[in-house]
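The following block contains the structure, expressed as structure tokens.
The values are calculated or read from the model by the stated rules, or taken from the named source; none is laboratory data. Since the structure is predicted, the reported quantities are computational estimates derived from the model, not experimental observations. Quick reminder, even Gly has a Cβ in these numbers, built from the backbone with ideal geometry, and neighbours come from all protein chains shown. Note: areas computed on protein heavy atoms with side chains; ligands, DNA, RNA excluded. Shrake-Rupley method; radii C 1.70, N 1.55, O 1.52, S 1.80 Å.
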Amino acid sequence: MSARVAVVIPTCRRPVLLARCLDAVLAQDFDGDYAVIVVDDCGTDDTRALVAALRPPSGRPSLHYLRPTQAHGPAAARNCGWRAAGAELIAFTHDDTVPAPDWLRHGAAAMGPQPVGSRYAAVCGRVHVPV
């Protein structure tokens, strides 16, 4: 995966929520190249099939499916995803969120060029989790 930005989404047996989240993540208003990495902590064939079905025909953004092989849980899934990404910037969200269309653009801008000597390690923003 060679994108500058990668979005990592841990999931576990919630295909309806994941589909809604992926619809929003794949439709981001973002000029740069980015990758989306779904980390299936439960390792289900349904989730693998969903990710395959939602891959954009153009391959942009790229959409990847991973299964953790060692530890499990949301933190282990996030770690598996960012380690596999190889991207300069990592954006985390979860399968039960619906990121706003400008979410990735604003996050990347916040982490963008910074004055010499001041380097942010992370930024955060408001998250809306639908009922």
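Can you name the number of the only condition in (1) in contact with a strand residue (DSSP E or B) (Cβ under 6 Å, 6 or more places away or on another chain); (2) at pLDDT 95 or above that L54 fails?
For L54, the failing item is (1).
Further question on the same structure: If we keep just the residues of segment 2-18 that are among the hydrophobic types (A, V, I, L, M, F, W, C) and assigned to a helix (DSSP H, G or I), which is least open to solvent (accessible area, probe 1.4 Å)?
L18
Checking T47 against (1) assigned to a helix (DSSP H, G or I); (2) at pLDDT below 95, which single condition isn't satisfied?
Of the numbered conditions (1) assigned to a helix (DSSP H, G or I); (2) at pLDDT below 95, the odd one out for T47 is (2).
Can I ask one more? Mind listing just one residue for me: the one in segment 19-42 that is in contact with a His (Cβ under 9 Å, 6 or more places away or on another chain) and assigned to a loop (DSSP other than H, G, I, E, B) and, of those, surrounded by the fewest Cβ atoms within 10 Å (Cβ to Cβ)?
C42
Of the residues A108, A52, only one is crowded, with 19+ Cβ neighbours inside 10 Å and of a type in the set (G, A, S); which?
A108
Identify the residue in segment 80-91 that is part of a helix (DSSP H, G or I) and open to solvent by 60 Å² or more (accessible area, probe 1.4 Å) and, among all such residues, is nearest to G32 (Cα to Cα).
Here the residue is W82.
I'd like to verify a number: residues in segment 58-79 that are at pLDDT 95 or above and either touching a His at 6+ places or on another chain (Cβ under 6 Å) or more than 14 Å from C12 (Cα to Cα) (or both), how many?
Qualifying residue count for the region: 4.
I've got another one for you. Looking only at segment 55-79, filter to residues that are assigned to a helix (DSSP H, G or I) and closer than 18 Å to D96 by Cα; which one of those is least open to solvent (accessible area, probe 1.4 Å)?
A77
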